[in-house]
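Every number in this text was worked out from the coordinates using simple rules, so none of it is lab data. Being a predicted model, the structure only gives us computed values, none of them experimental. Quick reminder, even Gly has a Cβ in these numbers, built from the backbone with ideal geometry, and neighbours come from all protein chains shown.
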């Protein structure tokens with residue numbers, strides 16, 4: 001079974017701009033991988049907030 005496609009959470013042009021500022025190139029699949037990592041990070045943060053009986057995700061949950 002194929003994994004569900006997640007919504008893109010990052011702006012590709014901004015990611016490429018930052019990468020270029022470091023004098024590097026962006027792989028074709030970097031932006032998708034970065035967005036997936038962000039989804040994972042937010043899932044963990046949401047779980048931590050709920051465990052602390054909060055509905056608000058705070059920076060400390062990251």
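Just a few scattered comments:
This table checks each residue for (1) outside any helix (DSSP H, G or I); (2) surrounded by 13 or more Cβ atoms within 10 Å (Cβ to Cβ); (3) touching a strand residue (DSSP E or B) at 6+ places or on another chain (Cβ under 9 Å); (4) touching a residue at least 12 places away in the same chain (Cβ under 8 Å).
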{"residue": "10", "(1), (2), (3), (4)": "yes, yes, no, yes"}
{"residue": "15", "(1), (2), (3), (4)": "no, yes, no, yes"}
{"residue": "18", "(1), (2), (3), (4)": "no, no, no, no"}
{"residue": "24", "(1), (2), (3), (4)": "yes, no, no, no"}
{"residue": "27", "(1), (2), (3), (4)": "yes, no, no, no"}
{"residue": "31", "(1), (2), (3), (4)": "no, yes, no, yes"}
{"residue": "34", "(1), (2), (3), (4)": "no, yes, no, yes"}
{"residue": "40", "(1), (2), (3), (4)": "no, no, no, no"}
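- Among residues of region 50-62 that are more than 18 Å from residue 39 (Cα to Cα), none has a beta-carbon under 8 Å from a residue that is surrounded by fewer than 10 Cβ atoms within 10 Å (Cβ to Cβ) at least six positions away or on a different chain.
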